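Read-outs throughout are calculated quantities, based only on the coordinates presented, and are distinct from any laboratory measurement. All values derive from a computational prediction rather than experimental measurement. Here Cβ is always computed from backbone atoms with ideal geometry, including for glycine, and neighbour counts include all displayed protein chains.
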Amino acid sequence: MINKQPILYLVVPCYNEEEIIEISIQTLNEKLCNLISSNKIDSKSKVIFVNDGSKDKTLNLLKIHKTKNMEILCLSTNKGHQNALLAGLNYAKDKCDCVISLDCDLQDDINLIGKMIEQFSNGFEVVYGVRNDRSEDSLFKAYSAIVFYKMMKFLGVDIVYNHADYRLLSNRVLGHLLDFSEVNLFLRGIIPLLGFKSCKLYYKRNARIAGVSKYPFFKMLSFAIDGITSFSVKPLRILTVLGGIISLFSLLIGIWALVIYFRGGAISGWTSMVVPMYFLGGIQILGLGILGEYIGKIYKEVKKRPLYFVDEVIK
Ligand code: UDP
Ligand code: MG
């Protein structure tokens, strides 16, 4: 049990969110003030908006509507949601007792914040916000998400079903998380690896009130591929097994072809040649692609390039 009220930092990445940022600031500020006045959190608690190199008026609006409970972390350019989140978490480390990450489009139910804090006070160091409803998603997004989670599970990656990046972490867990020096950091895969006492809280995710999703199809696909290849080498194993099966099959076909040849049978048309040729060609290129994904990951890890640069911090 923690006796004093915890200092809470809310980390909110935002990229080109001019349509919504003002409402977002107001809503989160109000929430924070309510929690402070009801003695749930310490008055030193803050909302940290991470401006991920927005090209629209987001930064101006953040500055105009800035409140005293709020700080703005500006990245030098757009580095993507995961890196922006990481920048915010790094900034929050050791300044607070616990941190909650959430999106600035307010799709995540902010009423869960109070409940997360309660669970933190009950001794849970990781509290996952889990969606129990996908009715607000497009059919495509809902189904692709199901395929993604099922595939991760099949590949042996332990991620929390229907949990994205809405979660509370204690400062201690945050410290351990930041010890991972991976460049290919897939946050929602790493946190379950850490262990510690954790629990799940369920909520219904709302639709965006304004603006559009910054995760179009190809970005989502690339995020899924990154997640899988950062956490599982099973695709390489599948490739080996597939290669083995196809080779065996080709051997049988070869024997069959030789038998026909020695029997003096006529050469049957080109279909039996062309079909396996394309099929094997496809499998080979796919195999090279999968290998390439892993080599690309090693390449990035070896270079150890910084994931983001902080341009300025507005307190
Ligand atoms: N975001 C970001 N950098 C990016 C893309 C998105 O900081 O390059 C932020 C965005 O402003 C939002 C959050 O990440 O607060 C989640 O993005 P979005 O709502 O577009 O994703 P979705 O909810 O559609 O998956
Ligand atoms: Mg969103």
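Which numbered condition trips up Ala84, out of (1) on the phi < 0 side of the Ramachandran plot; (2) free of Cβ contacts under 8 Å to residues at least 60 places away in the same chain?
If we test Ala84 against (1) on the phi < 0 side of the Ramachandran plot; (2) free of Cβ contacts under 8 Å to residues at least 60 places away in the same chain, just (2) comes out false.
Evaluate the following for Leu252: is it assigned to a helix (DSSP H, G or I), in contact (Cβ under 8 Å) with a residue 12 or more places away in the chain, farther than 30 Å from Cys98 by Cα and over 18 Å from the mean Cα position of the chain (by Cα)?
For Leu252, the condition - assigned to a helix (DSSP H, G or I), in contact (Cβ under 8 Å) with a residue 12 or more places away in the chain, farther than 30 Å from Cys98 by Cα and over 18 Å from the mean Cα position of the chain (by Cα) - is not met.
How many residues does region 27-60 contain that are small (Gly, Ala, Ser) and on the phi > 0 side of the Ramachandran plot?
Residues flagged as small (Gly, Ala, Ser) and on the phi > 0 side of the Ramachandran plot within region 27-60 amount to 1.
So, in region 146-164, exactly how many residues are β-branched (Val, Ile, Thr) and surrounded by 16 or more Cβ atoms within 10 Å (Cβ to Cβ)?
Total meeting the criteria: 3.
Just the residues that are surrounded by 15 or more Cβ atoms within 10 Å (Cβ to Cβ), touching a strand residue (DSSP E or B) at 6+ places or on another chain (Cβ under 7 Å) and part of a helix (DSSP H, G or I), please, taken from region 36-69.
Matches in region 36-69: Thr58, Leu59, Leu62.
For region 153-191, which residues satisfy the criterion of being more than 16 Å from ligand 2 (Cβ to nearest atom), within 19 Å of Phe120 (Cα to Cα) and within 13 Å of the chain's Cα centre (by Cα)?
The answer is Val160, Ile191.
State the number of residues belonging to region 184-212 that are in a helix (DSSP H, G or I), surrounded by 15 or more Cβ atoms within 10 Å (Cβ to Cβ) and either in contact (Cβ under 8 Å) with a residue 24 or more places away in the chain or aromatic (Phe, Trp, Tyr) (or both). Reasoning before the result, please.
We begin by selecting, within region 184-212, every residue in a helix (DSSP H, G or I); these are 187-194.
Still in the running and surrounded by 15 or more Cβ atoms within 10 Å (Cβ to Cβ): 187-192, 194.
Subsequent filtering for residues that are either in contact (Cβ under 8 Å) with a residue 24 or more places away in the chain or aromatic (Phe, Trp, Tyr) (or both) retains 187-189, 191-192, 194.
Number of matching residues: 6.
Every residue in region 19-54 that is closer than 19 Å to Leu106 by Cβ and among the basic types (Lys, Arg), please.
The answer is Lys31, Lys46.
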